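Below you'll find the structure, written out as structure tokens, and then a few comments.
The values are calculated or read from the model by the stated rules, or taken from the named source; none is laboratory data. What you see is a predicted model, and the numbers here were worked out from it, not measured in a lab. All Cβ positions, glycine included, derive from the backbone under ideal geometry; neighbour counts span all protein chains shown. Areas reflect the complete protein model, heavy atoms only, side chains present, ligands, DNA and RNA absent. Shrake-Rupley method; radii C 1.70, N 1.55, O 1.52, S 1.80 Å.
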Amino acid sequence: MLKISAFSKLTRVSVKTLRFYDNLGLLKPVSVDENNGYRYYSEEQLLTVKRIAALKEQGFTLEQIKPLLEEHVQPEAVKNQLADKKKELEQAIHEAQNQLNEIDRRLTRMEESEEHHQHTPAAIRYVEPQLTASIRDTIPRTQLCLLLDEIVQYVRSYGEDEGCLLTIVWHDFGSRNSDPIDIEVALPLTKLIPSRGRVKVGILPELKAAASLVHQCNPYRNDCPAVTELLSWIRSQSLIPSEKEPVREIYLTSDKDMYGTLRLAELLVPIEPIG
């Protein structure tokens, strides 16, 4: 017989693991010295260690392995357990493949976003009208995330993709540092869905001319340096912000594509017609 230390060297299984196997009833020593508690193993038990290792390689847990080591295990029971493990592994592979596909999609979106929007200077652009579902409310700033989640859940219930570009419409931008705020959140739609309750479905109107600044936005902060930057640029161009149209902010990075505390966003300040 071999002491546990010698058996550990022979099997390349740590003493700690052998003791754990013993406690589980998975691999019990042949004998235990009553005086000093030393565990002793036989050379034949090397086969059991190899069987455990082989079953672990097949994905079985130690609890699943235990009945497969029993002396009178029935072939039918083994077949059933193998079939169950096959289904479990196939499901794991399927889930892992879905995760890989989602990571590929996110990488593609990040690359496209960087290509089209990174280091974009302030400019004047036209904003097309867009069919949207929206909610407008006067709320404390701390409740903005709740409003965003409400509109996302609504469009999702009609099969629309909540990952598209979400727009925030600041109806009281002139007093943007006040609290509560008069704000509207809108998600673009690919099809007409019904309005319900305080969710309104309609056309978010065009902006014939808007000063645009793409920037890294921190949604956890109430103040945004991009606002000061864009307003300064507007003044430098001798342009006048419109008082008829509210300021908009478009999240170019969806919640699920956001890493860290910054997301890519576009600030849009409508401009009065020149002349």
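Within the stretch 31-51, is there a residue that is open to solvent by less than 80 Å² (accessible area, probe 1.4 Å), assigned to a helix (DSSP H, G or I) and closer than 30 Å to SER238 by Cβ?
No, every residue in the stretch 31-51 fails to be open to solvent by less than 80 Å² (accessible area, probe 1.4 Å), assigned to a helix (DSSP H, G or I) and closer than 30 Å to SER238 by Cβ.
Test each condition in (1) closer than 30 Å to ASP255 by Cα; (2) open to solvent by less than 90 Å² (accessible area, probe 1.4 Å); (3) of a type in the set (D, E, K, R) for LYS85 and report the one that comes out false.
Of everything listed in (1) closer than 30 Å to ASP255 by Cα; (2) open to solvent by less than 90 Å² (accessible area, probe 1.4 Å); (3) of a type in the set (D, E, K, R), LYS85 misses just condition (1).
Yes or no: the stretch 1-21 includes at least one residue that is open to solvent by 40 Å² or more (accessible area, probe 1.4 Å), more than 30 Å from SER254 (Cα to Cα) and touching a Lys or Arg at 6+ places or on another chain (Cβ under 8 Å).
Within the stretch 1-21 (the criterion being open to solvent by 40 Å² or more (accessible area, probe 1.4 Å), more than 30 Å from SER254 (Cα to Cα) and touching a Lys or Arg at 6+ places or on another chain (Cβ under 8 Å)), the answer is yes, since at least one residue qualifies.
Does LEU264 satisfy the criteria of being in contact (Cβ under 8 Å) with a residue 60 or more places away in the chain, closer than 28 Å to VAL155 by Cα and over 26 Å from the mean Cα position of the chain (by Cα)? First the steps, then the outcome.
Values: in contact (Cβ under 8 Å) with a residue 60 or more places away in the chain: yes; closer than 28 Å to VAL155 by Cα: yes; over 26 Å from the mean Cα position of the chain (by Cα): no.
Judged against the criteria, LEU264 is not a match.
Restricting attention to the stretch 262-275, which residues are more than 16 Å from ASP223 (Cα to Cα), open to solvent by 10 Å² or more (accessible area, probe 1.4 Å) and in contact with a strand residue (DSSP E or B) (Cβ under 9 Å, 6 or more places away or on another chain)?
ILE271, GLU272, PRO273, ILE274
Conditions first: (1) at negative phi; (2) open to solvent by 60 Å² or more (accessible area, probe 1.4 Å). GLY197 passes all but one, so which condition is the exception?
(1)
Answer yes if at least one residue in the stretch 171-183 is at pLDDT 90 or above and not charged (D, E, K, R), and no otherwise. Reasoning before the result, please.
At the first step, the residues of the stretch 171-183 found to be at pLDDT 90 or above are 171, 182-183.
Of the ones still in play, those that are also not charged (D, E, K, R) are 171, 183.
Yes, that holds for at least one residue.
When you go through (1) assigned to a loop (DSSP other than H, G, I, E, B); (2) farther than 22 Å from TYR126 by Cα one by one for THR190, which number turns out not to apply?
(2)
Go through the stretch 238-261 and give me each residue that's more than 21 Å from the chain's Cα centre (by Cα) and loosely packed, with under 14 Cβ neighbours inside 10 Å. Don't jump to the end; show me each part of the working.
Restricting attention to the stretch 238-261, the residues satisfying the condition of being more than 21 Å from the chain's Cα centre (by Cα) are 238-249.
Hits for the stretch 238-261 are SER238, ILE240, GLU243, LYS244.
Quick one: which residue in LEU207, LEU187, LEU192 is more than 24 Å from the chain's Cα centre (by Cα) and either crowded, with 18+ Cβ neighbours inside 10 Å or aromatic (Phe, Trp, Tyr) (or both)?
Working: LEU187 fails: more than 24 Å from the chain's Cα centre (by Cα); LEU192 fails: either crowded, with 18+ Cβ neighbours inside 10 Å or aromatic (Phe, Trp, Tyr) (or both).
When all the criteria are applied, what remains is LEU207.
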